């Protein structure tokens, strides 16, 4: 009996490791898409079905395993939809594989009763640890009642209850600790993944991701024989803003500017912050005439925008923009960024607050 419960525990932990990899890019919770909730429930249901292959036969019709823990996992993270998906799978397998009898009918009823209660517990405004404890107490209570109904021999009943309670409590503690570790690890992974591609201040892509996307855009432009343009944008006299109002105001200006840039170009264009007060926009399938118009739109929108400061003052800034466009202006696409940088330098040298196309 102990060895089979140990196998149940190892199967559960193995599935947790598998699930953590499948859903590592997703924050599991009630706000997930319906399809993801169902998938999460089905995966847990599959684990529960496998556990029933290693069940402990108490009698010809009564079985003991840790399948309900998979139901708790579905309920604790995703609520009703996931727990229903898991319970339906477990119910179908319980009856389909072991047949219809008194024990299987009671087991199926217990599954759906627990599903209802677990879904209600999920909605409680308490932390995950308390929800986990409540759900396990409900499981132990209903399981004990079922064993009392199905097992008539007192000595055998006592042995089953001791083993089941001990195994369920021990494994549930281990599983909870593993789940907490996986949750924290995946959260850290998602955070690092975002930070590796996203500018921490503005939410735009950072220079590392810009380089990757620029190389991809260049390759696609050559393969598809499409136009490609780049806007290099630099805030005029931004140091004066920081020196006069402080870096906190400077950061606010940068965040607002990032929003204006995204609103001023097309939804599929690539906007990035390349460091300090320098920004870049990759204009996909965009010729020189169109790119110049977009650059002018960006410049004018920024010039007209009043940045509201915390002290109630209003601040206006301007930007200089260098534009390069392949193939009608730049013949060697690999030089497109350098040409845009040269154009930006000319815009700065010729008085700022202007667009220069090269």
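Below are the figures for this structure:
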{"read-out": "Residues satisfying the stated conditions in the range 104-127, i.e. farther than 24 Å from residue 77 by Cβ and touching a helix residue (DSSP H, G or I) at 6+ places or on another chain (Cβ under 6 Å)", "value": "104, 106"}
{"read-out": "Spans of helices (runs of 4 or more DSSP H) in the range 237-310 with at least 1 residues in contact (Cβ under 8 Å) with a residue 60 or more places away in the chain and more than 26 Å from residue 334 (Cα to Cα)", "value": "238-245, 247-264"}
{"read-out": "Yes/no for residue 32 being under 22 Å from residue 165 (Cβ atoms) and either buried (at least 22 other Cβ atoms within 10 Å of the Cβ) or assigned by TED's automatic domain parsing to the domain that holds residue 183 (or both)", "value": "no"}
{"read-out": "The listed residue being at pLDDT 90 or above and out of contact with any helix residue (DSSP H, G or I) (no Cβ under 7 Å at 6 or more places or on another chain), out of 69, 92", "value": "92"}
{"read-out": "Tabulated pairs, the range 137-155, first not assigned by TED's automatic domain parsing to the domain that holds residue 165, second crowded, with 17+ Cβ neighbours inside 10 Å, C-beta under 7 angstrom, 6+ apart or interchain", "value": "none"}
{"read-out": "Selection count where residues are assigned to a loop (DSSP other than H, G, I, E, B) and surrounded by 16 or more Cβ atoms within 10 Å (Cβ to Cβ), scope the range 311-336", "value": "4"}
{"read-out": "Test: residue in the range 294-309 that is closer than 19 Å to residue 202 by Cα, more than 30 Å from the chain's Cα centre (by Cα), at pLDDT below 90 and surrounded by fewer than 17 Cβ atoms within 10 Å (Cβ to Cβ)", "value": "yes"}
{"read-out": "Scan of the range 20-35 for residues that are assigned to a helix (DSSP H, G or I) and in contact (Cβ under 8 Å) with a residue 40 or more places away in the chain, ordered by number", "value": "20, 34"}
{"read-out": "Qualifying residue in the range 52-66 (condition: under 28 Å from the mean Cα position of the chain (by Cα), buried (at least 23 other Cβ atoms within 10 Å of the Cβ) and assigned by TED's automatic domain parsing to the domain that holds residue 111)", "value": "no"}
{"read-out": "Residue check for residue 230: outside the structural domain of residue 11 (by TED's automatic domain parsing) and within 23 Å of residue 273 (Cβ to Cβ)", "value": "yes"}
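The rows are residues; the columns are (1) surrounded by 14 or more Cβ atoms within 10 Å (Cβ to Cβ); (2) in the same structural domain as residue 259 (by TED's automatic domain parsing).
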site: 164; (1), (2): yes, no
site: 182; (1), (2): yes, no
site: 200; (1), (2): no, no
site: 212; (1), (2): no, yes
site: 226; (1), (2): yes, yes
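The values are calculated or read from the model by the stated rules, or taken from the named source; none is laboratory data. Everything numeric in this text was worked out from a predicted model, so none of it was measured. Cβ sites come from the backbone with ideal geometry, for glycine too, and all protein chains shown count toward neighbours.
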